[in-house]
1. Could you tell me which residue of region 195-233 is farthest from the ligand (Cβ to nearest atom), considering only residues that are surrounded by 19 or more Cβ atoms within 10 Å (Cβ to Cβ) and part of a loop (DSSP other than H, G, I, E, B)?
2. Being farther than 17 Å from residue 247 by Cα and touching a Lys or Arg at 6+ places or on another chain (Cβ under 6 Å), is that true of even one residue in region 164-179?
3. Mind checking which residues of region 89-139 are among the hydrophobic types (A, V, I, L, M, F, W, C) and not in a helix (DSSP H, G or I)?
4. Taking the options 134, 88, name whichever one is over 24 Å from the mean Cα position of the chain (by Cα), buried (at least 16 other Cβ atoms within 10 Å of the Cβ) and not small (Gly, Ala, Ser).
5. Select from region 196-221 the residues that are basic (Lys, Arg) and out of contact with any strand residue (DSSP E or B) (no Cβ under 7 Å at 6 or more places or on another chain) and write down the one among them that is nearest to residue 175 (Cα to Cα).
6. What is the residue count in region 74-88 for residues that are closer than 23 Å to residue 137 by Cβ and either in a helix (DSSP H, G or I) or in contact with a Pro (Cβ under 9 Å, 6 or more places away or on another chain) (or both)?
7. Which of the residues belonging to region 245-283 are of a type in the set (S, T, N, Q) and either closer than 17 Å to residue 80 by Cα or not assigned by TED's automatic domain parsing to the domain that holds residue 198 (or both)?
8. Specify which of the listed residues (285, 280) is over 21 Å from residue 71 (Cβ atoms) and at pLDDT 90 or above.
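The values are calculated or read from the model by the stated rules, or taken from the named source; none is laboratory data. Because the structure is predicted, anything quoted here is derived from the model rather than measured. Please note: Cβ atoms are built from the backbone with ideal geometry, for glycine as well, and neighbour counts cover all protein chains shown.
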Amino acid sequence: MPAAVQVPFDRIHDPVVRRIGERVAAGERLESADGLALFRSGDLTGLGALADAVNRAKNGDVVTFASNQHINPTNICVLRKTCTFCGYARLPKEAGAYRYTLDQVLAEAAHAADGLTREFHIVGGLDMKAGLAYYAEMFRALKANFPHVHIKALTAVEIAHIARIEKMPWRDVLVALKEAGLDTMPGGGAETFSAAVRERISDKKLAGAEYIGVHRTAHELGIRSNCTMLYGHVETLEERLEHLQMLRDLQDETGGFLAYIPLAYHPDDNELGRELGRTGTATTGWDDLKQLAVGRLFLDNFQHVKSHWIMVTPFLSQVALHYGVNDLEGTVVREKIYHAVGAHTPQAMTLDEILRLIRGAGKTPAERDSFYRILRTEFAPDAEPAGVA
Ligand code: SF4
């Protein structure tokens, strides 16, 4: 039973946010209209105070992180020409196209041999030559070589792609991959669920309802997952709320989502950015904080909201710890996908840097595992993440 929400009304100046705060304090669920009103309010700090109060009732002042490693096995993607926001994908014969062999995956994973990495985060393109056997062999080999490392792999879009090329139902693909070592799924590929938005930015991609369908199937099989929303491109605020509503509905049904992770769109080096005439960052700090805080308040059935510092900078992620966020992206070895579209943030943070950010915000850092179980809250000076000897 979560603690009662102590809403700091003295820090909320907009009467609209105050009224919503009264409903939150009474344990009432927010409607889409409430979410819209929060997005439209100018009282950003009041919104943050409300989201922080809800987060504190659920998670206290603890902010978690995991020690993970990203592996992107292939950037070859059949949707290269139609996901206009993506700067990572290549066609098979295009310069820069790659598909790792198993040995290359294992070589990249070798960082985990130090026993400190606890999770592989594995995502890539929709490659016609990367089917079920490619990933099943990869997961088996990773588990054989790094049995202590959790495998969080393949977005709903990749699962549906494998199902299509193998002519199998999603369920059978998930069953086979689970048997090979898949532990949980990441939340990428959601973009914004609205059909109108998808028509403009990712015309051929798995529809929003299908993304939900793959996650539902995964949850039914005991494979928990994260979920995301790509925001800050052509979507309206109403479409953001529609997206959050679909996530909340599935969470009501299955309880299988571990965390909600909003992803800020980056306009550099992709077709959509050129079409929109944008460079640099598409979102603002104001928008990023609102996206996180409204997500925390609307998704009342989610325990965890994560800030992805690779996209919004470590500094904004630190501020976000007072806007409803209780989890930071971990120590990421080699992030390729967002750096392909112009992210200027570091590609990895050391443990000391993460601890400094969290403590600097007056919160208590805790290293967690992939299921958000706390591993430890005590860190020696210059500590490394908890490993397995
Ligand atoms: S976003 Fe994903 S599916 Fe779309 S082109 Fe890029 S890698 Fe392919």
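1. The selected residue is 224.
2. no
3. Selection gives 89, 91, 95, 97, 116, 120, 122, 123, 126, 128, 130.
4. 134
5. Applying the filter and picking the extreme gives 216.
6. Residues that pass the stated criteria total 1.
7. Across region 245-283, the qualifying residue is only 270.
8. 285
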